[in-house]
Amino acid sequence: MLTIAIIGLLLVLLFMGLPLVFAIGTSSMVYFFFADINLALLTQRMTASVNSFLILAIPFFFLAGELMNACKLTDRIIALAKALVGHIHGGLAQVNIFASLIFSGMSGSPTADTTALGSVLIPAMKKEGYPGPFSAAVTVASSMVGPMIPPSVALVIYGTLANVSIGRLLLAGILPGFVIIGTQMLFTYFYARKRNFPRYERATMPELATAIKGGGPAIMFPVIIVAGILFGIFSPTEAAAVAVLYGLLLSLFYRNVKLADIWGAIQNTALGSARILSIIAVASAFSWIMVREQVPMAIANGISTISENPVIALFVIVAMLLGVGLLMVASSAEIVLTPILVPVILQFGIDPVHFGVLLVFSLIIGGATPPVGVLMFIAQDIAKISHGQMVKAMLPFYIPLFTAVVLLVLFPEISLFLPNLVFGN
């Protein structure tokens with residue numbers, strides 16, 4: 001009864017608009033009080049959860065992404081994408097999608113992807129005759145790849161909370177990222193042919209070489225991280241620090257980053273890290289409560305009544321995650337749900353690395369769905385269209401998004417191939 005009351009209190013506080021950290025913290029304190037547990041244990045759970053060497057990767061990756069964005073590589077990334085895929089049906093729409101794949105290796109954030117690429121490509125697509133709603137929708141859908149390609153703060157957070165290898169997770173997101181982009185490019189190819197959207201002439205070898213030279217530094221960003229972990233040169237946390245150093249060196253090379261930009265990047269990193277780490281701290285205490293009250297066991301038993309097949313169980317959990325993503329911001333939902341759901345999937349024999357990729361991707365789709373749909377609001381503002389137009393334009397793009405989800409559920413090898421190849425089964 002107390003468990004139901006605490007979960008109900010948390011939901012009420014969230015719907016009242018209380019920030020997540022205070023909603024979880026208040027609910028946890030109420031539980032400790034009525035369960036007659038010493039509050040010192042609450043603070044111990046909170047501090048222990050963030051007192052970790054691995055968790056240092058979060059502020060480092062935040063700062064690395066901020067520095068790369070400060071280098072203003074957006075135009076170079078678009079030029080590279082145009083040279084590589086601009087000749088495919090749908091031209092600039094294909095460029096938009098492929099540019100998201102490259103940009104995700106810099107920021108790891110769908111919000112940054114939608115804002116940075118959308119502000120350039122949405123007006124450019126409208127100018128070339130693409131409908132505004134379609135331009136906004138393709139920008140939002142392609143940004144879903146953001147948390148998949150290293151550096152991925154979302155996967156680092158999951159690994160920290162689930163006690164799963166960060167190195168395995170960062171490798172696990174790469175092939176799913178290509179699946180997400182591939183399904184969208186294929187969908188856009190047929191959609192563009194039907195609508196007779198324009199495309200560019202195939203780039204010549206000199207044009208391709210120039211584009212690679214300009215956009216190469218952006219591609220090298222995730223390559224350095226993955227290669228370093230792959231060859232055992234540094235740990236994921238050390239990789240994050242190396243990424244910061246690379247961002248600083250790049251800013252010196254391009255000479256387009258001022259001291260004020262670096263200071264702004266540090267401030268944004270401090271605020272973002274403080275927000276995430278404070279939520280992780282209180283969520284750790286809340287997850288301890290859920291485990292103590294055997295909530296994961298109850299969820300597992302509930303799913304078992306539907307089916308004991310791991311694939312069916314995974315589809316049920318993913319459906320639940322998609323529903324949660326409609327109502328909660330992905331990062332917040334991930335921190336709350338990871339400690340609760342990981343014991344559940346382990347009971348069904350589901351690999352936690354595979355599940356981490358699915359959890360992050362399923363929740364992030366919520367950013368492209370109403371009513372929360374933060375990414376939709378960003379894109380529709382850039383495109384200067386109504387919310388109704390934005391929602392209608394997004395509907396076709398749920399086909400490739402959900403296709404990618406189904407493929408990742410049915411074929412765990414997509415997520416596990418690279419981690420198993422490098423680290424062993």
* Rg and Dmax of the stretch 295-425, Cα atoms only, in Å -> 16.3, 50
* Structure fact -> With Rh as the Kirkwood radius over Cα pairs, the stretch 140-190 has Rg/Rh of 1.08
* Structure fact -> With a Förster distance of 22 angstrom and the Cβ-Cβ distance between L327 and L271, calculated FRET efficiency to the nearest 0.05 equals 0.35
* **Shape parameters for the stretch 336-397, alpha-carbon atoms, Rg then Dmax in Å** => 16.0, 48
* Asked: Roughly what would the spin-label model give for V406 and A260, points 7 Å off Cα along C-beta, in nm?
  -> 5.2
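In whole Å, what three semi-axes, largest first, describe the equivalent ellipsoid of the stretch 174-235 built from its Cα gyration tensor (square root of 5 times each eigenvalue)? List each step's numbers first, then the result.
On the way: eigenvalues 195, 77, 9 Å².
One finds semi-axes of 31, 20, 7 Å for the stretch 174-235.
Could you sort S109, S100, S119 by accessible area so the largest value comes first, with the probe set to 1.4 Å?
My answer, sorted largest first, is S119, S109, S100.
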* Asked: Shape call for the stretch 1-44 from the C-alpha gyration tensor, a ≥ b ≥ c root eigenvalues: rounded (a/c under 1.5), prolate (a/b greater than b/c) or oblate?
  -> oblate
* To do: Quick one: compute the contact order of the chain, relative version, from alpha carbon pairs under 8 angstrom and 6+ residues apart, as a percent.
  => 25
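With a ≥ b ≥ c the root eigenvalues of the C-alpha gyration tensor of the stretch 372-425, is it rounded (a/c under 1.5), prolate (a/b larger than b/c) or oblate? Let's see the in-between values first.
Values: a/c = 5.19, a/b = 2.68, b/c = 1.93.
Prolate, because a/c is 1.5 or more and a/b exceeds b/c.
Any idea what diffusion coefficient the stretch 179-284 gets from Stokes-Einstein, in µm²/s, Kirkwood Rh on alpha carbon pairs, 10 °C, 1.306 mPa s?
Values: Rh = 18.1 Å.
For the chosen part, D equals 88 µm²/s.
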* **Euclidean distance between Cα centres, the stretch 350-370 to the stretch 32-70, Å** => 21
* Structure fact -> Cα pairs beyond 21 Å in the stretch 115-208, in percent, come to 50
* Asked: What does the helix-only formula give at 222 nm for the chain: each DSSP H stretch with n ≥ 4 adding -39500 (n - 2.57), the total divided by the residues, and the result rounded to the nearest 500 deg cm²/dmol?
  -> -26000 deg cm²/dmol
* Structure fact -> Charge dipole of the stretch 186-228 built from unit charges on the beta carbon (Lys, Arg +1; Asp, Glu -1), centred at mean Cα; most positive-end Cα among A211, Y200, G228 is Y200
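Taking the Cα centre of the stretch 54-146 as origin, sum charge times position over the Cβ atoms of Lys and Arg (+1) and Asp and Glu (-1), and report the length of that vector in debye to the nearest 20. It would help to have the intermediate numbers written out before the result.
On the way: 5 positive and 4 negative charges, 37 e Å.
For this selection, approximately 180 debye.
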* To do: Would you work out what percent of the accessible area of the stretch 106-262, with all protein chains in place, is carbon or sulfur (probe 1.4 Å)?
  => 66
* Structure fact -> The orientation-averaged projected area of the Cα convex hull of the chain, in nm², is 21.0
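Decide, for the stretch 17-148, between rounded, prolate and oblate: order the square roots of the alpha carbon gyration tensor eigenvalues as a ≥ b ≥ c, take rounded if a/c falls under 1.5, and otherwise choose prolate if a/b is larger than b/c, else oblate. Write down the numbers at each step before the final one.
Details: a/c = 4.15, a/b = 2.45, b/c = 1.70.
Prolate, since a/c reaches 1.5 and a/b exceeds b/c.
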* Asked: Counting Lys and Arg as +1 and Asp and Glu as -1, each charge on the Cβ, what is the dipole of the chain about the Cα centre in debye, to the nearest 20?
  -> 1080
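Averaged per residue, what accessible surface does the chain expose to a 1.4 Å probe, in Å²?
Numbers: 18150 Å² over 425 residues.
The answer is 43 Å² per residue.
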* Asked: Out of S152, G424, L92, whose Cα points farthest toward the positive end of the dipole of the chain (charges: +1 Lys, Arg; -1 Asp, Glu; placed on Cβ)?
  -> L92
* Determine the principal axes of the Cα atoms in the stretch 76-163, then give the extent along each, sorted from largest to smallest and rounded to whole angstroms. => 49, 25, 19
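Roughly to the nearest percent, how much of the accessible area of the stretch 1-49 is carbon and sulfur, given a 1.4 Å probe? Display every interim value, and only then the final one.
Working: 2310 of 3040 Å².
The nonpolar share, carbon plus sulfur, comes to 76 percent.
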* How many lysine pairs are close in the chain, with Cα atoms under 26 Å apart and the two 8 or more places apart or on different chains? -> 21
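The values are calculated or read from the model by the stated rules, or taken from the named source; none is laboratory data. Bear in mind the structure is a predicted one, so any value in this text is a computation, not a measurement. For neighbour counting, all protein chains shown are included, and Cβ atoms are generated from backbone atoms with ideal geometry for every residue, glycine included. Note: areas computed on protein heavy atoms with side chains; ligands, DNA, RNA excluded. Shrake-Rupley method; radii C 1.70, N 1.55, O 1.52, S 1.80 Å.
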